[in-house]
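The values are calculated or read from the model by the stated rules, or taken from the named source; none is laboratory data. All of these numbers come straight from a predicted model, not from anything done at the bench. All Cβ positions, glycine included, derive from the backbone under ideal geometry; neighbour counts span all protein chains shown.
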């Protein structure tokens, strides 16, 4: 095998490299290309699609392309946020893979100068009831996220977990982070100023992750991949805590021209991207890089993915101040290079030039491929094990759903996360449909509006219909924000798919991006950044197409943010639904329990009507008229009602259609609310009073009657029983 | 001199880590295992080994909850 | 009333403690490498993972220069509150009896708990009544309080058990459900739950304010 093929480059990619260089690349140069032109770093199969997403909006202050996107939250503040995947490393070593996923996204946020205030995570694993390996991955990934987030002192305020056998070989760990910064202080990563000094600060460089995120994320994992274990990066949250404070102080003191974190492809990608954005060149001397291991080769130093490192550019007369700030925080800092006007990235080893490449070649000239999509000609995903008979009565069906791995309480997981550090969390997990974070007061003592955030995505529904599934992800997230009275400001997305070189996966990806774009345009929510994770498949087939979206929103008064739980005996229960709400069983949790593979047709969504509905719910919440709000999602209306009873510790008596579709069908566009009867007037025809809060049972007339205590036990026990076995 | 110090939880104090491992071993087919305890190993090069006990007492171990054992070491 | 909140590398909750204390008086951060307590009336050793919890939680922080001053301050009757990691630091420093061990479940748990006030006479519980129930969040992995039985008997007898987890609220396996203890004189108190996260009903409860108000009463 040719040396370029061993590094994952195709023959035509190699020819292109030779043409750009004007000669054959040497070993160091080829290693650098192999990483920068990997799928993970180069976005070769997704870049053209991503360019179709809407990225403009009146509140956008930083769009895609920087370390994180940012939206204006008023009062001179911006919120920077992004989601990223760490799927492949987590499948190999889940604790460290998930931990360093959190570490990486935190760095992306403080690399733009924002202080991280919250983390959320979206996870996917195989069936815990069937697979000891998936229980193990769940247990270790959650422990890793907790370890990193808790230690560094950033609240983990939300997330989601789903279990499907299609994720058995390829688990998903997507981590989202949001941070705060004064808008005018947002820093970019473009290097500038010929003669300015490049300083590397943070942890020492070792061999961790050599070829890690890049190699793992650009190829399918096969049986022999336990040998890839040594390439997983090891994270140190304590080091990152110091790095964070150090970086923010450097920015606060205006000592830096540019800042960039080191992630996938390490020093290579950071220096190349900084130089490319600035239209300059960089000389980097690997002999000056502080090492953790002896005898590292120049190429290893350039591609190492050792964690907790940042790169900055400073004017020569400020360098000593930079080093002094780093010393104060006990963070290693070393000048390793200089900005040049050559447009070339040169790698030096002491006096020798060991690599010399045009910056544009590494970054801008990375090929972008057109996909060749074609709908699948056969079912891609096997039917799950049947867990419920078709003729089970509604009581039994509701209990089965409530206790299922996908719907049971996530308390055993989220209690492992510190959700309160920072004293901002006004709505904790399971209190409301979105997390709510207060921002204190401005300089005049006026209370700032609060932020809300949620992360959502449903792979099984996207498998039924990638376009509608992606639309639903955006709608679900927006609905969750509406429940706390928040208006969406911006969206970040992580696209998790299989091998895009296969036409049916290319089709899933194209349709999903189309749905994502259409939904964002219709709802007026700009995309400010995101991530793509491809090649999530192995011998067992591809993962479900899993577009995950995170939306940050704003609400004027956190005290009025809606809560899920029924609050008072005697409150009227209302069902607020779009006229087009058409819950169906295709792609639903009930269909899954009955052993149905993802198939059928998802309901169409009238985006204009839903945008108006979300706005109406938002307004009602803000007015304080509603006592509780909860959107109807997985498991359908009966599950939503049960969740309200369990959260509030109160029963209810309601009268609704009792068909299977009406009780357990899924589709966007419905909310369960409570309050005084006249509170629903603002919704007009969309509102129907369906019952009353009271008693200690959930009764759906003509269908079911279950004690709230029973619902609570089943809900509480579903996941914990599985975790205790891990 | 290269010294090695073993630090272990004091007998009588609940050691849930040790218990967790003790429960896990039979599940992998290893029978007849009891009394598992999890501790720490500290290795260091030291010029004056006579200082080791004081190092243990003051920093390396918490004498309230841990016992320590200084192992003989090679130069 | 002036509070000083220590900041170690790896502290997480020092800003929250600062904000909480600021509701009752003035509050300043005290850098771990300084030897100056800046004339504060009370010192708070906050929660977090000082020095990464390396070796043992609190084991390295107790040797920082600021702790020399804190120990001297405490021995002269100064008011000191150790929260979570701060409690661990005070035990390691010998300012409080006992030690904090890994939770019996071995898992980190973040949960709102109810605490019974056992001794309302310490410097940090003066604003409470015996039997008061405080709703305060706890979040830790190494919070199982332990001391030899004779020491526990002595603490009980001397009124040095300050706070206990209400029935059903303990989750870490602490001996006798002890959530917080004091030194003999009552000027140094350590507890695992976080009163600084219970000062605003919007983010939970405001029951934690009582501890800061107690210190202000004493210092007045």
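Can you tell me which residue is surrounded by the fewest Cβ atoms within 10 Å (Cβ to Cβ) among those in the stretch A:637-661 that are in contact with a helix residue (DSSP H, G or I) (Cβ under 8 Å, 6 or more places away or on another chain) and within 11 Å of residue A:699 (Cα to Cα)? Looking at the filtered set, the residue picked out is A:656. Mind checking whether some residue in the stretch A:570-581 is buried (at least 18 other Cβ atoms within 10 Å of the Cβ) and under 24 Å from the mean Cα position of the chain (by Cα)? No, that holds for no residue. For the stretch A:120-131, give me each residue that is over 18 Å from residue A:403 (Cα atoms) and without any contact (Cβ under 8 Å) to a residue 60 or more places away in the chain. A:123, the sole residue that qualifies.
Number of residues in the stretch A:278-301 that are closer than 26 Å to residue A:100 by Cα and out of contact with any strand residue (DSSP E or B) (no Cβ under 7 Å at 6 or more places or on another chain): the value is 7. Of the residues in the stretch C:52-65, at least one is within 10 Å of chain A (Cβ to nearest Cβ) and part of a helix (DSSP H, G or I). Candidates are the residues of the stretch C:99-120 that are within 21 Å of residue C:156 (Cβ to Cβ) and touching a helix residue (DSSP H, G or I) at 6+ places or on another chain (Cβ under 7 Å); the one that is farthest from the other protein chains (Cβ to nearest Cβ) is C:100.
Of the candidates A:717, A:675, the single residue that is farther than 25 Å from residue A:584 by Cβ and out of contact with any helix residue (DSSP H, G or I) (no Cβ under 9 Å at 6 or more places or on another chain) is A:717. Looking across the stretch B:47-69, just one residue is surrounded by fewer than 12 Cβ atoms within 10 Å (Cβ to Cβ) and touching a residue at least 12 places away in the same chain (Cβ under 8 Å), and that is B:47.
Taking the condition within 14 Å of the chain's Cα centre (by Cα), within 14 Å of chain B (Cβ to nearest Cβ), without any contact (Cβ under 8 Å) to a residue 40 or more places away in the chain and under 27 Å from residue C:128 (Cβ atoms), does residue C:93 pass?
yes
Only residues that are more than 22 Å from residue A:430 (Cβ to Cβ), within 14 Å of chain C (Cβ to nearest Cβ) and crowded, with 23+ Cβ neighbours inside 10 Å were counted in the stretch A:108-143, giving 1.
Within the stretch A:421-430, can one find any residue that is in contact with a helix residue (DSSP H, G or I) (Cβ under 9 Å, 6 or more places away or on another chain), buried (at least 19 other Cβ atoms within 10 Å of the Cβ) and over 30 Å from residue C:138 (Cβ atoms)? Among the residues of the stretch A:421-430, not one is in contact with a helix residue (DSSP H, G or I) (Cβ under 9 Å, 6 or more places away or on another chain), buried (at least 19 other Cβ atoms within 10 Å of the Cβ) and over 30 Å from residue C:138 (Cβ atoms), which makes the answer no. Go through the stretch A:1-25 residue by residue and tally those that are surrounded by fewer than 18 Cβ atoms within 10 Å (Cβ to Cβ) and touching a strand residue (DSSP E or B) at 6+ places or on another chain (Cβ under 8 Å). Count: 2.
Could you please let me know if residue A:397 is more than 14 Å from every other protein chain (Cβ to nearest Cβ) and surrounded by 18 or more Cβ atoms within 10 Å (Cβ to Cβ)?
Considered against the rule, which asks whether it is more than 14 Å from every other protein chain (Cβ to nearest Cβ) and surrounded by 18 or more Cβ atoms within 10 Å (Cβ to Cβ), residue A:397 comes out as yes.
All of A:682, A:647 fail the test of being assigned to a helix (DSSP H, G or I) and over 28 Å from residue A:135 (Cα atoms), apart from A:682. The residue list A:498, A:524 contains one member that is at positive phi and at pLDDT 95 or above, which is A:524. Consider the stretch B:1-31 and keep the residues that are part of a loop (DSSP other than H, G, I, E, B) and within 13 Å of chain C (Cβ to nearest Cβ). The one that is nearest to the chain's Cα centre (by Cα) is B:10. Comparison of B:69, B:47 shows that the only residue that is out of contact with any strand residue (DSSP E or B) (no Cβ under 8 Å at 6 or more places or on another chain) and away from chain C (no Cβ under 14 Å) is B:47. Residues of the stretch C:178-215 that are more than 14 Å from every other protein chain (Cβ to nearest Cβ), assigned to a helix (DSSP H, G or I) and surrounded by fewer than 20 Cβ atoms within 10 Å (Cβ to Cβ): C:213 alone.
Matching residues to (1) under 20 Å from residue A:76 (Cα atoms); (2) away from every other protein chain (no Cβ under 14 Å):
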site	(1), (2)
A:416	no, no
A:435	no, no
A:444	yes, yes
A:465	no, yes
A:469	no, yes
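Of all residues in the stretch C:46-75, those that are over 13 Å from residue C:7 (Cβ atoms) and out of contact with any helix residue (DSSP H, G or I) (no Cβ under 6 Å at 6 or more places or on another chain) total 12.
Looking at B:44, B:6, B:14, can you tell me which residue is modelled with pLDDT under 90, surrounded by 13 or more Cβ atoms within 10 Å (Cβ to Cβ) and under 21 Å from residue B:68 (Cα atoms)? Residue meeting the stated conditions: B:14.
Taking residue C:126 as the residue in question, decide whether it is more than 28 Å from residue A:418 (Cβ to Cβ), touching a strand residue (DSSP E or B) at 6+ places or on another chain (Cβ under 8 Å), away from chain A (no Cβ under 14 Å) and modelled with pLDDT of 95 or more. Criteria not met by residue C:126.
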